[in-house]
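K.L.:
Got a structure for you, questions after.
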Amino acid sequence: MTSRLARRHVLITGAGGGIGLAMAQACLAEGARCSLVDRATDTPSAVQAVQDAHPDAVAYIAADITRSGDIARLLDTAVARFGPVHTLVNNAAVFDLAPLLESDEASFDRLFAVNVKGLFFVMQAVLRHMVEAGTEGASVINLASQAGRRGEALVSHYCATKAAVISYTQSAALAMAPHGIRVNAISPGVVDTPMWDQVDGLFARHEHLQPGEKKRQVGLAVPLGRMGRPDDLGGACVFLASDEARYITAQTLNVDGGNVMS
């Protein structure tokens, strides 16, 4: 621990487990106070364990980021608990896949509602708060994906949502530069989270694979030889939130074991 985020308030969406919770743990280790947001009405057990370990530095907020009223409430609740937000980690997302000619409107609506609409309006609300509060060292970290760097035949909607995250990151960074607020993104590769069990099952159905085979294939295809772990993303999050990244904005950092080179 080097206290790089000492006394800073980090708001993280999609923090019920996986990457979001791992980023929270990395920020807590550097002295941050964290508001953790997820859809579950009851505090998830993994979050509860972190909260028990950091009772004065962790608050859990149940909210649906596709609802404007929930966005306003989660921000008000977070600020009331820990004061002005220094860093937003916009991590909440959902996944689906289907052959292009079979993909339906319901899947499109669900993916864009969370991954694009929800992300944008959470970012907008927090940025407005940061401008009004004049928070020194304020920043936003959006979670993109290697899927946003290229199209995939079975994953067209998800790829498009993550490409939108990269684009919104760049636009927001330019809009916020006069206010001294940085906006960047992290682009994970394949990360071994509970969501990947769902992903593997969908690929197994559409590519006629045995369960677990797609997961094995993608891990072997990573240049560093394995899937990422949630805690592989923590260092990048802490860096972009810290003063060490004070001259970095409008960038999307690949954290993917070498899958994408840019």
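K.L.:
Using θ = phi - 60° and the Karplus form 6.51 cos²θ - 1.76 cosθ + 1.60, what ³J(HN,Hα) does each residue of segment 89-94 get, whole Hz, x for Gly and Pro?
P.N.:
Calculated HN-Hα couplings, in order: 10, 8, 10, 4, 6, 10 Hz.
K.L.:
Rounded to the nearest 20 Debye, what is the dipole magnitude of segment 139-262 about its Cα centre when Lys and Arg each give +1 and Asp and Glu each give -1 at the C-beta?
P.N.:
200 debye
K.L.:
Also, quick follow-up: Considering the options ALA46, LEU97, LEU224, tell which one lies farthest towards the positive end of the dipole of the chain, charges being +1 on Lys and Arg and -1 on Asp and Glu at the Cβ, about the Cα centre.
P.N.:
LEU224
K.L.:
What base-10 log of the normalised intensity I(q)/I(0) is obtained for the chain from the Debye formula, alpha carbons as equal point scatterers, at q = 0.09 Å⁻¹?
P.N.:
-0.38
K.L.:
Rounded to the nearest 20 debye, what is the charge dipole size of segment 49-190 about its Cα centre when +1 sits on each Lys and Arg Cβ and -1 on each Asp and Glu Cβ?
P.N.:
Values: 10 positive and 13 negative charges, 78 e Å.
Value, rounded to 20: 380 debye.
K.L.:
Enumerate the amide H contacts of GLN251 below 5 Å, restricted to partners 5 or more residues apart or on another chain; note that Pro and chain-start residues carry no placed amide H.
P.N.:
Placed amide hydrogens put ALA185 under 5 Å from GLN251.
K.L.:
What are the ³J(HN,Hα) couplings of segment 222-234, residue after residue, when phi is run through the Karplus curve with 6.51, -1.76, 1.60 and θ = phi - 60°? Round to Hz, x for glycine and proline.
P.N.:
Calculated HN-Hα couplings, in order: 5, x, 7, x, 7, 5, x, 10, x, 6, 5, 8, x Hz.
K.L.:
Here is a further query. Over the chain, calculate the relative contact order: mean separation of alpha carbon pairs under 8 Å at least 6 apart, over the residue count, as a percent. Mind showing how you got there, number by number?
P.N.:
Details: 519 pairs, mean separation 52.0, N = 262.
Relative CO of the chain lands at 20 percent.
K.L.:
Taking the Cα centre of the chain as the origin, how large is its charge dipole in debye, to the nearest 20, when only Lys and Arg (+1) and Asp and Glu (-1) carry charge on their Cβ atoms?
P.N.:
Values: 22 positive and 26 negative charges, 105 e Å.
I would put it at about 500 debye.
K.L.:
Further question: Is it possible to state the helix-based mean residue ellipticity at 222 nm for the chain, with each DSSP H run of 4+ residues giving -39500 (n - 2.57), the sum divided by total residues, to the nearest 500 deg cm²/dmol? What is it?
P.N.:
-13000 deg cm²/dmol
K.L.:
Related question: What ranking, highest mean first, results for peptides 144-150, 32-38 when packing means the other Cβ atoms within 10 Å averaged over each residue? Don't skip to the answer; put the middle values down first.
P.N.:
On the way: 144-150: 22.0, 32-38: 26.3.
In decreasing order of mean packing, 144-150, 32-38 become 32-38, 144-150.
K.L.:
Please express the Cα-Cα pair-distance distribution P(r) of segment 32-128 as a list of whole percents, one per 5 Å bin, running from 0 to the bin with the greatest distance.
P.N.:
With 5 Å bins starting at 0, P(r) equals 2, 12, 21, 21, 17, 11, 7, 4, 2, 1, 0.
No lab work stands behind these numbers, since they all come straight from the coordinates. Note that the coordinates shown come from a computational prediction; the quantities given were computed from them, not determined experimentally. Note that we place each Cβ from the backbone using ideal geometry, even for glycine, and neighbour counts take in every protein chain shown.
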